[in-house]
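Chemist: Here it is, the structure in full.
The values are calculated or read from the model by the stated rules, or taken from the named source; none is laboratory data. Here the structure is a predicted model, which is why all the values come from computation and not from measurement. As a convention, Cβ positions derive from the backbone with ideal geometry for all residues, glycine included, and neighbour counts pool all protein chains shown.
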Amino acid sequence: MDTPRASWRNTTHDWASTVDLDHLEHIRQNLAVFAPGGLRHLVLEVVAYAADEAECNNSRHCRITLHSDGSVTIADDGRGTDTRLDEHGQVVKKPVMATKDLRFFDHPDAPPLPDTHPRRGMSVVAALSTWLVHTNRRRNGSWTQRYELGIPTTDLEPITDDGTTGTAVHFLPDEPLRAAHDLTADNLARLTAAWPQLSFKIDDRRTA
């Protein structure tokens, strides 16, 4: 694009913003509000974006991996997160992790996720994660970026294209959320059945 970034049309997030520190801190100070049910809710917040892609017929499959260290990876085969060039030729990624989702966050009538709690957006997951790695594959390039407590700690780091598109979000929830052991593969399968437009594979690698 050759127009100033501040003039780009905002649909889900504010392209003119990069990191909203006050927004991230607000989430962290209100964990019970934004992560009701703990890790289960964070997983559903991420999967909801894959379901959005599936609604547009751009995604078919979603893989959820529950790792032995308490982290979770959610990967889909959609288009990947929107990434553009600004008027200076710099790569800009839609700030889905570190700013509020304009559709849901401040809306009292935000749609519920399958756990019956309101959808707030991906920034909830990032803000409540010790670390999060966002890997993105698009037709116009692939990259990865790391966040800690919702704040980016690396730039967009290019990775080799492999001929696919999609998004992978690998995150380690904060300790209070990791301590909850109520997330089972069976429970997760039941909840994700609310999105029949996606085919789910749940890989539970946690030790008993």
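Chemist: Do any helices (runs of 4 or more DSSP H) entirely within region 1-60 hold 1 or more residues that are more than 17 Å from the chain's Cα centre (by Cα) and surrounded by fewer than 16 Cβ atoms within 10 Å (Cβ to Cβ), and if so, which?
Modeler: In region 1-60, 21-28, 31-34 are the helices (runs of 4 or more DSSP H) which contain 1 or more residues that are more than 17 Å from the chain's Cα centre (by Cα) and surrounded by fewer than 16 Cβ atoms within 10 Å (Cβ to Cβ).
To keep it simple, each residue is scored yes or no on (1) charged (D, E, K, R); (2) in contact with a strand residue (DSSP E or B) (Cβ under 9 Å, 6 or more places away or on another chain); (3) modelled with pLDDT of 95 or more; (4) closer than 26 Å to THR207 by Cβ.
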| position | (1), (2), (3), (4) |
| --- | --- |
| ILE27 | no, no, yes, no |
| ALA48 | no, no, yes, no |
| ASN57 | no, no, no, no |
| THR65 | no, yes, yes, yes |
| VAL72 | no, yes, yes, yes |
| THR81 | no, yes, no, no |
| PRO108 | no, yes, no, no |
| PRO111 | no, yes, yes, no |
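Chemist: State the number of residues belonging to region 174-200 that are exposed (fewer than 11 other Cβ atoms within 10 Å of the Cβ) and touching a residue at least 24 places away in the same chain (Cβ under 8 Å).
Modeler: 2
Chemist: Please name all residue pairs, on different chains or six or more residues apart, with Cβ atoms under 6 Å, provided the first residue is in region 100-118 and is farther than 23 Å from SER17 by Cβ and the second residue is of a type in the set (Gly, Ala, Ser) and surrounded by fewer than 16 Cβ atoms within 10 Å (Cβ to Cβ).
Modeler: Between residues of region 100-118 that are farther than 23 Å from SER17 by Cβ and residues that are of a type in the set (Gly, Ala, Ser) and surrounded by fewer than 16 Cβ atoms within 10 Å (Cβ to Cβ), the close pairs are PRO114/ALA194.
Chemist: Moving on. Of all residues in region 106-117 being at negative phi and out of contact with any His (no Cβ under 8 Å at 6 or more places or on another chain), which is surrounded by the fewest Cβ atoms within 10 Å (Cβ to Cβ)?
Modeler: PRO108
Chemist: So, one more: May I ask you to list the residues in region 104-122 that are closer than 18 Å to LEU42 by Cβ and out of contact with any Leu (no Cβ under 7 Å at 6 or more places or on another chain)?
Modeler: Restricting attention to region 104-122, the residues satisfying the condition of being closer than 18 Å to LEU42 by Cβ are 104-105, 110-122.
Result: PHE104, PHE105, ALA110, PRO111, PRO112, THR116, HIS117, PRO118, ARG120, GLY121, MET122.
Chemist: Those residues that are among the hydrophobic types (A, V, I, L, M, F, W, C) and either in a loop (DSSP other than H, G, I, E, B) or under 11 Å from ARG138 (Cα atoms) (or both), I need them from region 81-96; list them, please.
Modeler: The answer is VAL96, and nothing else.
Chemist: Please specify each residue of region 147-173 satisfying the condition of being free of Cβ contacts under 8 Å to residues at least 60 places away in the same chain and surrounded by 16 or more Cβ atoms within 10 Å (Cβ to Cβ).
Modeler: Within region 147-173, just TYR147 meets the criteria.
Chemist: Answer yes or no: is there a residue in region 137-144 that is under 24 Å from SER68 (Cα atoms), surrounded by 15 or more Cβ atoms within 10 Å (Cβ to Cβ), in contact (Cβ under 8 Å) with a residue 60 or more places away in the chain and aromatic (Phe, Trp, Tyr).
Modeler: no
Chemist: Report whether or not ARG190 is touching a Gly at 6+ places or on another chain (Cβ under 9 Å) and of a type in the set (Lys, Arg).
Modeler: No: the conditions fail for ARG190.
Chemist: What helices (runs of 4 or more DSSP H) lie completely within region 105-208 and have 2 or more residues being small (Gly, Ala, Ser)?
Modeler: Result: 122-127, 185-192.
Chemist: Kindly establish whether GLY78 is surrounded by 22 or more Cβ atoms within 10 Å (Cβ to Cβ) and in a loop (DSSP other than H, G, I, E, B). First the steps, then the outcome.
Modeler: Details: surrounded by 22 or more Cβ atoms within 10 Å (Cβ to Cβ): yes; in a loop (DSSP other than H, G, I, E, B): yes.
When the stated conditions are applied, GLY78 passes them.
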